[in-house]
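Please read the structure below before turning to the comments.
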Amino acid sequence: MHRDDQAVAVRRLGADDWQLWRDVRLRALSEAPYAFGSTLAYWQGSDLEERWRGRLTDVPLNLVAVASDSAVGQVSGTSLDADGRVELISMWVDPASRGAGVGEALVQAVVDWAEAGGATAVVLSVKEANAPAVGLYARVGFRVTVEPADEGEMRMQLELPLS
Ligand SMILES: CC(C)(COP(=O)(O)OP(=O)(O)OC[C@H]1O[C@@H](n2cnc3c(N)ncnc32)[C@H](O)[C@@H]1OP(=O)(O)O)[C@@H](O)C(=O)NCCC(=O)NCCS
């Protein structure tokens, strides 16, 4: 897919959109379990409405990328930590839509939201071996930090405000 082939809209979700968020998140956890700390087993089940709504309430920024009326990606941004930093989490793009800038649009939307909210930085954890994700974050301006990370992962940070 070429970068100009599809118009992508980024839509912000609230708790009432939990079924849409769930559907995309379950696709992500099935397709790319290596990329996430969370598991499909934890989120699978028919009686989890409260859990999904809680997730969308606990984390203030939840975005889906929409192309041709289909959700093709998602990402979240947490509230500021004690150092004023937003954590970027739950990043995923459908394989059929990769390499077209959808991921970059989602990361940029989190960065814009964090900057508008006065954050000092956006931070994230990524598996060292996840080259597409590391490449995307580096392209947007994230740099590897010395902050301790879980086994096989590294921490990356983009300082704000952007000048
Ligand atoms: C990481 C991910 C979100 C990137 O999404 P994307 O929409 O492809 O992002 P972009 O189009 O902006 O480009 C990402 C990189 O993938 C590369 N890429 C190009 N075509 C690709 C394809 N068909 N499939 C996979 N990667 C491709 C691009 O070269 C680009 O690298 P670059 O920085 O060297 O140009 C996506 O690959 C994904 O969802 N992976 C599985 C989940 C995951 O790893 N999440 C991140 C957790 S930290």
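How large is ³J(HN,Hα) for each residue in region 32-46, as worked out from phi by the Karplus curve 6.51 cos²θ - 1.76 cosθ + 1.60 (θ = phi - 60°), to whole Hz, x for Gly and Pro?
With coefficients 6.51, -1.76 and 1.60, one gets 9, x, 5, 8, 10, x, 7, 10, 4, 4, 5, 9, 8, x, 8 Hz.
Using only Cα atoms, locate the centre of region 94-163 and the centre of region 1-64, then give the distance between them in Å, rounded to an integer.
Computed from Cα coordinates, the inter-centre distance equals 18 Å.
When Lys and Arg each count +1 and Asp and Glu each count -1, what net charge do the other residues less than 15 Å away from Val24, Cβ to Cβ, add up to?
+2
In region 8-28, whose amide N lies under 13 Å from the spot 7 Å out along Cα-to-Cβ of Arg98? List them in ranges.
Once the point is set 7 Å along Cα→Cβ of Arg98, 28 turn out to lie under 13 Å by backbone N, inside region 8-28.
Only counting other Cβ atoms within 10 Å, I'd like Glu87, Glu147 sorted with the fewest neighbours first.
In order of increasing Cβ crowding within 10 Å: Glu147, Glu87.
Please list, in chain and number order, the residues 5+ apart from Thr120 or on another chain whose amide H is under 5 Å from its amide H, with Hs placed from the backbone.
Result for Thr120 returns Arg85, Val86.
Net charge around Leu124, counting only other residues with Cβ within less than 9 Å of its Cβ (Lys, Arg = +1; Asp, Glu = -1)?
Charge balance near Leu124 sits at 0.
So which residue, out of Ala133, Ala41, Ala149, gets the largest mean-square fluctuation from a GNM of the chain using Cα contacts under 10 Å as springs?
Ala41
What full-extension length gain, to one decimal in nm, is calculated for Leu26 and Val146 as 0.36 nm per residue of separation minus the Cα-Cα distance?
In short, 40.0 nm is gained.
Could you tell me which residue out of Ser68, Ser38, Thr57 lies farthest along the dipole of region 34-76 toward its positive end? Charges go on the beta carbon: Lys and Arg +1, Asp and Glu -1, centred on the Cα centre.
Going by the Cα projections, it comes out as Ser38.
Full-extension gain between Ser79 and Ala9, please, as 0.36 nm times their residue separation minus the C-alpha to C-alpha distance.
Net length gain for the segment: 22.9 nm.
With charges set only on the Cβ (+1 for Lys and Arg, -1 for Asp and Glu), what does the dipole of the chain come to about its Cα centre, in debye to the nearest 20? Can you show the working numbers first?
Working: 15 positive and 24 negative charges, 41 e Å.
Computed charge dipole of the chain: roughly 200 debye.
Bear in mind these aren't lab numbers, they're just calculated from the coordinates by the rules spelled out. Because the structure is predicted, anything quoted here is derived from the model rather than measured. Here Cβ is always computed from backbone atoms with ideal geometry, including for glycine, and neighbour counts include all displayed protein chains.
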